[in-house]
Amino acid sequence: MTIKVFGHMAPDTDSTGSPIIWAWYLSQIKGTPAAPVLLGEPNTEAAFVLDRWKLDKPAIVDGVEPGAPVVIVDTNNPAELPAGINDADILEIIDHHKLVGGLETKGPINITVRPVACTATILHDLMGADAAKMPEAIKGAMLSCILSDTLEFRSPTTTAADRTLAETLATDLGVDLSAYASEMFAAKSDVSAFSDAELIRMDSKKFDVGGKTFRVSVLETTAPEIPLGRKASLMETMKTVCTEDGADEVLLFVVDILREEATLLVPNDVVKTVAEKSFGATVAGDHVVLPGIMSRKKQIIPALTL
């Protein structure tokens, strides 16, 4: 039976590229039939990467069959996975996020969780000498994952391992690293075709803080004026998203990649309290700029408090 390899819902570049990379490794190197799948449409940056490296878009699935063999990459959070994930046969988990708990396996499995910026960095290490066999398209996917998750090394999650591997891959591919990263970020910033609800859910994860459920959404962009120009309608749509998604509040951070800062929209007193208590900010209007805030994983989620 073919193993399905997938990452989290609302797939970004790492959750699109890493399943492709690992399915290639399992199928072509280990001789184990595997296929990458996605739990939703890839974002604009991930779609650009697929086109740039002439990679087929993986099939989109909304669930997994009971007993189906799966490998999970780039998450270990059941809230970001299909509802029936614990009925599947989870064979392996490869991730770079904190352990959340809640996943159950049929037996002992390999679990690799490492404090690096990108899942693809871990995949390269797990391949060992076989990584040298990666074709150009797989190398391109791996480079793209690292540049995306590190924001071209601006993110505080970046490690020496991420940077060294990205630079090596760029050299192997004959790619100008900065120029390519700029192309990726331009693709990520082109959000004009998306509705407000789609923008809020595009890169969004649920977290419980102080007895409340927050949908923590991040828009990484080199053109923050585009989403911020829709600030009023985005804040109005947050109410609908909360109702539909079973959340108490939406926290929407617009991350300016070039200025290395985040703007948090502040639609009400609850979010104002979160901003002031979590980040020591002074909120005087319907948004607040948070200098140096780039990473949801390392700087936003650990700081959240009510």
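None of the figures in this text is laboratory data; all of them are computed from the coordinates on show. The structure presented is a predicted model; accordingly, all values stated were derived computationally and were not measured. Here Cβ is always computed from backbone atoms with ideal geometry, including for glycine, and neighbour counts include all displayed protein chains.
Just a few scattered comments:
- Of the residues making up segment 195-239, those that are buried (at least 16 other Cβ atoms within 10 Å of the Cβ), touching a residue at least 60 places away in the same chain (Cβ under 8 Å) and either in a helix (DSSP H, G or I) or not basic (K, R) (or both) are R201, M202, D203, S204, F207, V209, F214, V216, V218, E220.
Results for (1) among the basic types (K, R); (2) surrounded by 14 or more Cβ atoms within 10 Å (Cβ to Cβ); (3) on the phi < 0 side of the Ramachandran plot, shown as yes or no for each residue.
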position	(1), (2), (3)
L55	no, yes, yes
P58	no, yes, yes
V61	no, yes, yes
V70	no, yes, yes
N76	no, yes, yes
L99	no, no, yes
G102	no, no, no
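- Scanning segment 248-282 for residues that are over 16 Å from K231 (Cα atoms) and part of a loop (DSSP other than H, G, I, E, B) returns D248, I257, L258, R259, E260, G280, A281, T282.
- Test: residue in segment 37-51 that is at positive phi, in contact with a helix residue (DSSP H, G or I) (Cβ under 7 Å, 6 or more places away or on another chain) and surrounded by fewer than 20 Cβ atoms within 10 Å (Cβ to Cβ): no
- Scope segment 71-87; condition assigned to a loop (DSSP other than H, G, I, E, B) and over 15 Å from V100 (Cβ atoms); matching residues: P82, A83, G84
- Number of positions in segment 16-32 that are touching a strand residue (DSSP E or B) at 6+ places or on another chain (Cβ under 7 Å) and either polar (S, T, N, Q) or assigned to a loop (DSSP other than H, G, I, E, B) (or both): 4
- Every condition in (1) of a type outside the set (D, E); (2) surrounded by fewer than 22 Cβ atoms within 10 Å (Cβ to Cβ); (3) in a loop (DSSP other than H, G, I, E, B) holds for S155 except the one numbered (2).
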